[in-house]
Amino acid sequence: MSTSLKLKKALEDRLKRPEWDLSYDRENEQLRIEHKDIGKGMTLSLSGLTVEWEKKKDAFLDELVYHVEEALKAIEETPASKAENQIFPVIRSTSFPKESPEGDALINEEHTAETAVFYALDLGNTYRLISEKMLEEMNMTREQLKEVARFNVRSLDTSMKKDEVAGNTFYFINHNDGYDASRILNASLLDRMVQEASGTLAVAIPHQDVLILADIRNNQGYDILAQMAMQFFMNGRVPVTALPFLYEKGELEPIFILAKNKPVDES
């Protein structure tokens, strides 16, 4: 029996639910888990998962089963029953898909040339990106959704870790709640950091689970920030952008950094 078929059997044993339908595409080695009543679910490509399974065995299987259960739980949730305080903005790269796997258009808007803002319904251990269809079910307008999400992001914990490098100060917000990068939308936080900075305030959102704020006091600080942002970007679970930004007069401006130099004007 192939490794993919062994993984298929292990998953089928763990994912038996009366409300779920499991089907296997032998040609593409894909296992489909779908909610019978709702007609939505998720598809696992087993050929790409077997290597990790062979390495981690039961630990990986537990993680995979948890991921499937949370995803199906999110599908089962009724958006209209959710309170407004469970709506948050999430930052994604501009290349992020604008539709859900089911083909529903996701609510999103421009943020910078590198990033976009999507909106999420928080479900505890996971969240579900809000589509146009969900917005109708929630009986909200786009503007109301945006206002609620921006208000809620300001309520999130902004405690941070601090590090001094080569005369520059770097602050890291990393609460792993899914909204660390989203805190860049908290204008009062950025304005406060501008007031406290003795140099120039720069920020970076290399992936979903970190916001870096930097008090840049010398040219070397720009190099350090660029290297730091790239490293975080390459290692992030949900990468956003490796390009840092300057925050001035309430606006985010991308900065292009050459080694051992200050930001340069691309034009």
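What shape does region 121-255 take by its C-alpha gyration tensor, where a ≥ b ≥ c are the square roots of the eigenvalues and a/c under 1.5 counts as rounded, a/b above b/c as prolate, and the rest as oblate?
Note, shape of region 121-255 comes out prolate.
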(message) For semi-axes √(5λ) of the Cα gyration tensor in Å, pick the label among (i) 39, 31, 16; (ii) 39, 24, 15; (iii) 28, 23, 17 that corresponds to the value derived from the coordinates.
(response) (ii)
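Using Cα pairs under 8 angstrom and six or more residues apart, how large is the relative contact order of region 147-204, in percent?
Taking the mean separation of contacting Cα pairs over the length of region 147-204, I get 28 percent.
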(message) Debye calculation, C-alpha points only, no solvent: report log10 I(q)/I(0) for region 82-155 at q = 0.14, 0.15, 0.16, 0.22 Å⁻¹, in the same order as the q values.
(response) -0.40, -0.46, -0.53, -1.02
(request) Can you tell me the FRET efficiency between Ala113 and Glu248 if r is taken as the Cβ-Cβ distance and R0 is 22 Å, rounded to the nearest 0.05? (result) 0.85
(request) Please identify every one of the trypsin sites (Lys or Arg not before Pro) in region 103-145 that sits in a loop by DSSP and has no more than 16 other beta carbons within 10 Å of its own beta carbon. (result) none
(request) Kindly provide log₁₀ I(q)/I(0) values, in the same order as q = 0.16 Å⁻¹, from the Debye equation applied to equal alpha-carbon scatterers of region 14-135. (result) -0.94
(request) Could you name the aspartates and glutamates whose alpha carbon sits less than 15 Å from that of Lys162, not counting residues in the same chain fewer than 8 places away? (result) Glu196, Asp215
(request) Express in nm, to one decimal, how much length is gained between Glu164 and Ala10 on full extension, taking 0.36 nm for each residue of separation and deducting their alpha carbon distance. (result) 50.6 nm
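Just want to confirm a number: the relative contact order over the chain, from Cα pairs under 8 angstrom separated by 6+ residues, in percent. Before the final figure, lay out the partial values.
On the way: 449 pairs, mean separation 31.2, N = 267.
Here the relative contact order equals 12 percent.
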(request) Name the lysines eligible as straight-distance cross-link partners of Lys16: C-alpha to C-alpha under 22 Å, and not fewer than 8 places from it in the same chain. (result) Lys6, Lys8, Lys36, Lys40, Lys57, Lys73
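Computed from the coordinates by the stated procedures, all read-outs in this text should not be read as laboratory data. Predicted model, so just to flag it, every value in this text is computed and none were measured. Ideal geometry is used to build each Cβ from the backbone, glycine not excepted, and the neighbour counts take in all protein chains shown.
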